[in-house]
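Notes follow once the structure below has been shown.
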Amino acid sequence: MSDYGDATPNPAASGRTGDDHQWVLIDDPLEGVRRITFNRADKRNSLIHPLRGAILGALREADDDPSVKVSIIRGDGPSFSAGYDLAGGNEGHDLPFFTAGGEGQWPRHVTEGWMSIWDLAKPVIAQVHGYCLAGGSELATCCDLVYIAEDAQMGYPATRFGVPDMHFHTWFLGMRRAMEMMMTGDSITGIEAVSEGWANRAFPADRLDDEVLRIAARIAQTPTDVAQLNKRAVHRQMEVMGIRTGIRQGTELCALGVHTESLQNFIADVRQQGLTKRLTERDGKYGDYRTADDQPTSPE
């Protein structure tokens, strides 16, 4: 059952038809506000090539639409996004945009895509609930503002077998928390994400939708020509401190991590045992994510 029954396909708003349009639901809930909902709830909005392309395409279309002042991205169903699809969902789908080939193409590709949100003129809000893991946390991080449910979980469990594609943790959470998350793969709650600087504010899950629309309505009052300069003013300061260089450097470490014995063993185990069993074994040692007793749903 969808948490967002009011979000319906809107071809006029999206400019998309056919297969491309099935991956996102688009509506304009308020004047000046474009809302993009990931339409893969049955897979906890795990990120496959066409979904990533549809998200970025819809954001670019909104950026080029003079009636739109601010965009919201959110996930349908129980989670924002459980991360990249590891179960073969990309079979038959090409990369949604070109990235030069060679060693490290994948981490360079996904970080290039998410960081492109920084370069849009208009502000983008990530509305986060449920699981926000791995690639989902990368996507939310690259939005201009993040509002999160108090009981949401943001984490990068893939550090338990490999190296992340995008190394945002130290920038937004500080060295000590970043180190802990990278060493354990543990998640943090929405309340913790706000207190440590990753998100702007946390709200009870049943209020999140209304609170994000309230904030978006306030942003929509600011003239776009002014808003885009102020957005860039913040990002340029981060770039002067080296965030783009740091994240790009991280892709090289991710590429190196592919060649570790541990990751190669993990891949071999997946081929023999299947992905679900291997991930359950991985997380069972920690007693969280798919193996936690108190989790109503589990991530991919």
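The values are calculated or read from the model by the stated rules, or taken from the named source; none is laboratory data. Because the structure is predicted, anything quoted here is derived from the model rather than measured. Cβ placement follows ideal geometry from the backbone for every residue including glycine, while neighbour counts extend to all protein chains displayed.
A few comments on the model shown:
Yes/no matrix, rows are residues, columns are (1) among the acidic types (D, E); (2) surrounded by fewer than 18 Cβ atoms within 10 Å (Cβ to Cβ); (3) touching a residue at least 40 places away in the same chain (Cβ under 8 Å):
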position: R108; (1), (2), (3): no, no, yes
position: E112; (1), (2), (3): yes, yes, no
position: A140; (1), (2), (3): no, no, yes
position: D144; (1), (2), (3): yes, no, yes
position: M175; (1), (2), (3): no, yes, no
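- Subset of the stretch 177-202 [of a type in the set (K, R) and over 21 Å from R244 (Cα atoms)]: R201
- Those residues of the stretch 25-51 which are in contact with a helix residue (DSSP H, G or I) (Cβ under 6 Å, 6 or more places away or on another chain), outside any loop (DSSP other than H, G, I, E, B) and closer than 20 Å to L86 by Cα, in sequence order: L47, P50, L51
- Qualifying residue in the stretch 59-70 (condition: in a strand (DSSP E or B) and either modelled with pLDDT of 95 or more or in contact with a Gly (Cβ under 7 Å, 6 or more places away or on another chain) (or both)): yes
One line per residue, one yes/no per condition, for (1) within 20 Å of the chain's Cα centre (by Cα); (2) surrounded by 12 or more Cβ atoms within 10 Å (Cβ to Cβ):
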residue	(1), (2)
R218	no, no
P223	no, no
R232	no, yes
Q237	no, no
V240	no, no
R248	yes, yes
C254	yes, yes
V258	no, yes
E261	no, no
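- Residue, nearest to the chain's Cα centre (by Cα), within the stretch 161-176, restricted to residues that are among the aromatic types (F, W, Y) and closer than 15 Å to T251 by Cβ: F168
- The residues of the stretch 33-81 that are touching a residue at least 40 places away in the same chain (Cβ under 8 Å), over 24 Å from I215 (Cα atoms) and of a type in the set (K, R), listed by number, are K43, R44, R52.
So that you can scan it fast, the table gives a plain yes or no per residue for (1) within 22 Å of S81 (Cβ to Cβ); (2) modelled with pLDDT of 90 or more:
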| residue | (1), (2) |
| --- | --- |
| L256 | no, yes |
| H259 | no, yes |
| V270 | yes, no |
| Q273 | no, no |
| L279 | yes, no |
| K285 | no, no |
| T291 | yes, no |
| P296 | yes, no |
